[in-house]
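First comes the structure, then the notes that go with it.
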Amino acid sequence: MSLSCLSLRNQNYMAMYSSIFGGITKDPSAMVIPIDDHMVHRGHGVFDTAAIMDGHLYELDQHLDRFLRSALMAKIPLLFDRSTIRSILIQTVSASNCTQGSLRYWLSVGPGDFQLSSSGCANPALYAVIESPSLQVPAGCKVVTSSIPIKSPQFAVMKSVNYLPNALTKVEGEENGAFTGIWLDDKGFVAEGSNMNVGFVTADKELLIPCFDKILSPHSKAGFDPG
């Protein structure tokens with residue numbers, strides 16, 4: 001998998017770190033991951049993000065803590081300790097010279113084979129990509145309730161790469177002329193969007209948000225978390 005076909009998309013990938021080659025590259029043709037990485041063909045990986053605002057990483061530590069919790073839940077051993085991962089992420093952002101954008105990072109059980117079990121993977125793999133500009137969410141948008149089944153709480157609170165339900169919810173919303181779809185929980189209450197949290201401002205200017213016991217808790221600006 002490569003990020004090199006930039007001429008076909010309006011994207012700007014400014015830097016990538018990979019533990020596979022043990023460093024940072026700014027060459028899009030080198031921004032690749034092995035096809036036998038279990039994150040690719042089995043979805044056995046976790047990820048998180050952090051906004052880059054005016055050259056600063058927004059709430060990196062909170063996102064990194066969630067990243068490590070997700071890795072523990074997904075039974076992915078850490079390749080490095082927390083401080084080393086944090087340093088790698090900061091160095092990657094610094095090398096990119098990005099001042100407005102996003103940091104996206106992944107931890108996989110690693111490459112090794114095409115089996116279901118990760119026992120054939122020699123080492124986990126850490127990747128990070130700097131993207132500028134980050135995707136902007138419209139100030140106002142239309143949403144629809146989704147017919148795609150919501151994730152079970154066990155997987156909803158884990159930020160894994162298994163985003164097929166999320167992608168289908170987004171597609172369903174677009175097919176119905178909306179920005180995205182919104183999930184309802186098993187009791188019919190509003191839960192979350194395809195890759196962001198949902199909130200309501202009442203007539204009394206009170207912000208109401210769903211409980212986070214069955215959905216992914218936010219760590220981004222204003223409490224809403226774009227995935």
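Considering the stretch 35-59, the residues that are among the aliphatic types (A, V, I, L, M) and over 27 Å from Cys121 (Cβ atoms) include one that is surrounded by the fewest Cβ atoms within 10 Å (Cβ to Cβ), namely Met53.
Of all residues being surrounded by fewer than 19 Cβ atoms within 10 Å (Cβ to Cβ) and more than 9 Å from Ser102 (Cα to Cα) in the stretch 124-142, which is modelled with the highest pLDDT? Just the residue, please. Going through the qualifying residues, I end up with Lys142. Among the residues examined, Asn162 qualifies as of a type outside the set (A, V, I, L, M), at pLDDT 80 or above, under 20 Å from the mean Cα position of the chain (by Cα) and assigned to a loop (DSSP other than H, G, I, E, B).
The lone criterion from (1) more than 20 Å from Gly23 (Cβ to Cβ); (2) part of a loop (DSSP other than H, G, I, E, B); (3) touching a Leu at 6+ places or on another chain (Cβ under 7 Å) left unmet by Asp113 is number (3). Checked against the criterion of being surrounded by 13 or more Cβ atoms within 10 Å (Cβ to Cβ), assigned to a loop (DSSP other than H, G, I, E, B) and basic (Lys, Arg), the candidates Lys151, Lys205, Lys170 yield just one match: Lys151. So, in the stretch 68-110, of the ones that are of a type in the set (A, V, I, L, M, F, W, C), closer than 16 Å to Leu57 by Cβ and not in a helix (DSSP H, G or I), which residue ends up farthest from the chain's Cα centre (by Cα)? If we take residues in the stretch 68-110 being of a type in the set (A, V, I, L, M, F, W, C), closer than 16 Å to Leu57 by Cβ and not in a helix (DSSP H, G or I), then Cys98 is farthest from the chain's Cα centre (by Cα). What's the number of the condition Arg104 fails, among (1) at pLDDT 95 or above; (2) farther than 30 Å from Asn176 by Cα? Among (1) at pLDDT 95 or above; (2) farther than 30 Å from Asn176 by Cα, the lone unmet condition for Arg104 is (2).
The values are calculated or read from the model by the stated rules, or taken from the named source; none is laboratory data. Just so we're clear, the structure is a prediction, and the values are computed from it rather than from any experiment. Quick reminder, even Gly has a Cβ in these numbers, built from the backbone with ideal geometry, and neighbours come from all protein chains shown.
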